[in-house]
Amino acid sequence: MTISLRETSVGAYVPYLRNLSALLDHAQAHALARKIDPDVLLGMRLAPNMYSLRQQVGEANRHVVLSCALLAGCAPPVFAEAEPDIAELKARIAATIDFALGLPRQVIDAAADRDVVFTFRSGATRTFTGRSLILTFSVPQFFFHVATAYDILRHAGVDLAKKDFLGPPRPPQG
């Protein structure tokens with residue numbers, strides 16, 4: 001059996017982006033029930049030198065849009081540099097999902113052996129093949145940020161369980 005590059009990228013990203021959006025719903029409900037400003041939750045971090053919840057969500061989105069744009073050979077969507085609230089983060093997740101799902105499957109699959117250049121925020125670059133970008137960098141980075149967002153919310157007392165991270169059972173793709 002062969003797994004395509006699209007399945008290992010978009011196919012992995014989209015369900016977990018939906019789960020991340022649902023985690024933000026839990027955060028919103030938690031803040032409302034406890035009369036906490038949701039911005040307090042968005043500013044929380046696990047350690048002083050780690051990104052905040054808001055930044056974790058932003059980085060998860062960033063790895064999806066950048067890696068998918070590199071594979072498809074197109075420009076990624078750009079989000080405003082403002083400090084987004086929960087509603088804006090959810091809107092950005094939805095836009096990221098739409099962008100990823102809108103890319104042609106054949107174009108992404110054809111990028112497996114093509115060189116792509118990832119540009120870091122610092123301006124430094126690193127060359128990958130499409131396959132190595134997804135398998136060794138972008139998908140692991142994406143899951144790191146989604147898991148850390150989940151962990152921040154758990155640490156903040158939001159009532160979550162592993163099933164909230166994993167999302168609903170999905171039938172096998174075929």
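Taking into account only those residues within segment 163-174 that are modelled with pLDDT of 95 or more and among the charged types (D, E, K, R), which is nearest to Arg45 (Cα to Cα)?
Asp164
Sort out which residues of segment 15-44 are closer than 26 Å to Ser132 by Cβ and buried (at least 16 other Cβ atoms within 10 Å of the Cβ), and write them in order of number. Let's see the steps before the verdict.
Step one: of segment 15-44, the residues closer than 26 Å to Ser132 by Cβ are 15-17, 19-20.
Correct list: Tyr16, Leu17, Asn19, Leu20.
From Leu17, Leu46, grab the single residue that is part of a loop (DSSP other than H, G, I, E, B) and touching a residue at least 60 places away in the same chain (Cβ under 8 Å).
Working: Leu17 fails: part of a loop (DSSP other than H, G, I, E, B).
Selected residue: Leu46, the only one of Leu17, Leu46 that is part of a loop (DSSP other than H, G, I, E, B) and touching a residue at least 60 places away in the same chain (Cβ under 8 Å).
Return yes when Cys74 is in a loop (DSSP other than H, G, I, E, B) and of a type in the set (A, V, I, L, M, F, W, C) and no when it is not. I'd like the intermediate steps shown before the answer.
Details: in a loop (DSSP other than H, G, I, E, B): yes; of a type in the set (A, V, I, L, M, F, W, C): yes.
For Cys74, the condition - in a loop (DSSP other than H, G, I, E, B) and of a type in the set (A, V, I, L, M, F, W, C) - is met.
Go through segment 35-74 and count every residue that is closer than 30 Å to Leu103 by Cβ and out of contact with any helix residue (DSSP H, G or I) (no Cβ under 6 Å at 6 or more places or on another chain).
10
May I ask you to list the residues in segment 5-14 that are out of contact with any Asp or Glu (no Cβ under 7 Å at 6 or more places or on another chain) and either assigned to a helix (DSSP H, G or I) or among the acidic types (Asp, Glu) (or both)? Even if it seems obvious, please write down each step before you answer.
Restricting attention to segment 5-14, the residues satisfying the condition of being out of contact with any Asp or Glu (no Cβ under 7 Å at 6 or more places or on another chain) are 7-14.
Scanning segment 5-14 gives Glu7, Thr8, Val10, Gly11, Ala12, Tyr13, Val14.
Of the residues in segment 119-160, how many are assigned to a strand (DSSP E or B) and either out of contact with any Ser or Thr (no Cβ under 8 Å at 6 or more places or on another chain) or modelled with pLDDT under 95 (or both)? Lay out the reasoning, then the answer.
So the first thing to find is which residues in segment 119-160 are assigned to a strand (DSSP E or B), and the list is 119, 125-129.
Retained after the next criterion (residues that are either out of contact with any Ser or Thr (no Cβ under 8 Å at 6 or more places or on another chain) or modelled with pLDDT under 95 (or both)): 119, 126-127, 129.
Residues meeting the conditions: 4.
Just checking, does segment 72-81 include any residue being surrounded by 14 or more Cβ atoms within 10 Å (Cβ to Cβ), closer than 30 Å to Ala29 by Cα, more than 16 Å from the chain's Cα centre (by Cα) and not hydrophobic (A, V, I, L, M, F, W, C)?
no
Show the residue pairs meeting these rules: Cβ distance below 7 Å; 6+ apart or different chains; first residue within segment 86-103 and under 20 Å from Leu153 (Cβ atoms) and among the charged types (D, E, K, R); second residue at pLDDT below 95 and not in a helix (DSSP H, G or I).
Going by the 7 Å Cβ cut-off, the qualifying pairs are Arg92/Phe79.
One line per residue, one yes/no per condition, for (1) surrounded by fewer than 16 Cβ atoms within 10 Å (Cβ to Cβ); (2) touching a His at 6+ places or on another chain (Cβ under 6 Å); (3) of a type in the set (A, V, I, L, M); (4) farther than 26 Å from Thr2 by Cα:
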position: Gln106; (1), (2), (3), (4): yes, no, no, no
position: Phe128; (1), (2), (3), (4): no, no, no, no
position: Phe144; (1), (2), (3), (4): yes, no, no, no
position: Lys162; (1), (2), (3), (4): yes, no, no, yes
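The values are calculated or read from the model by the stated rules, or taken from the named source; none is laboratory data. Please read these numbers as outputs of a predicted model, since none were measured by experiment. As a convention, Cβ positions derive from the backbone with ideal geometry for all residues, glycine included, and neighbour counts pool all protein chains shown.
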